[in-house]
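All of the numbers you see were taken from the coordinates with simple rules; none came from a lab. All values derive from a computational prediction rather than experimental measurement. Cβ: placed from backbone, ideal geometry, glycine included. Neighbour counts: every protein chain shown.
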Amino acid sequence: MSALTPMQSATFERREAAELRNLTVAPAQSLLADAAYPSMASIIKAICQFYHVSALDIRSERRTSDVVRPRHVAMYFGKQLTPLSFPTIGRLLGGRDHTTVMHGARNIQRAMLLDADLAHDVAALFQIITGVQQ
């Protein structure tokens with residue numbers, strides 16, 4: 001994946017923010033047709049459907065395990081599959097600090113090595129989000 005210029009990055013972030021404001025409406029395909037990355041909204045939507053939680057829960061302050069794991073997976077995929085920065089991912093996930101996003105993404109990376117079920121879930125979500133089988 002090539003690096004984005006600051007102008008492209010800002011445009012991408014504006015599109016992400018606009019799309020996240022209304023997750024129930026299908027994203028404008030014409031705006032994202034040339035995007036090489038999945039949107040954060042599509043990542044959140046796939047994770048919510050997979051784990052049976054709402055997007056509001058993902059962005060909420062709740063810290064129960066049924067919400068934290070999907071939120072951390074969203075942080076992991078946000079960093080792995082998009083050019084977004086940790087602060088931007090944090091803003092899109094309920095105004096979280098960039099260090100929280102770093103911790104969540106790293107937590108999933110480490111846990112996948114020890115938890116085969118989580119590794120399977122992440123692989124299945126990767127296929128759902130990207131359409132590419134690992």
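Data overview
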read-out	value
Relative packing of peptides 113-124, 62-73 - highest average C-beta neighbours within 10 Å first	62-73, 113-124
Surrounding net charge for residue 53, when Lys and Arg each add one and Asp and Glu each subtract one, Cβ distance under 15 Å	+2
Linear extension gain, residue 85 paired with residue 97, 0.36 nm per residue minus alpha-carbon span	3.2 nm
Charge tally in the Cβ shell below 13 Å around residue 112, where Lys, Arg are +1 and Asp, Glu are -1, residue 112 excluded	0
Neighbour net charge for residue 76 - beta-carbon separation under 14 angstrom, K R +1, D E -1	+4
Potential extension, residue 5-residue 130 segment - 0.36 nm per residue separation minus Cα distance	42.7 nm
Where a label projected 7 Å from the Cα of residue 115 along Cα→Cβ would reach, residues of the range 50-74 with amide N under 18 Å	50-54, 58-59, 62-74
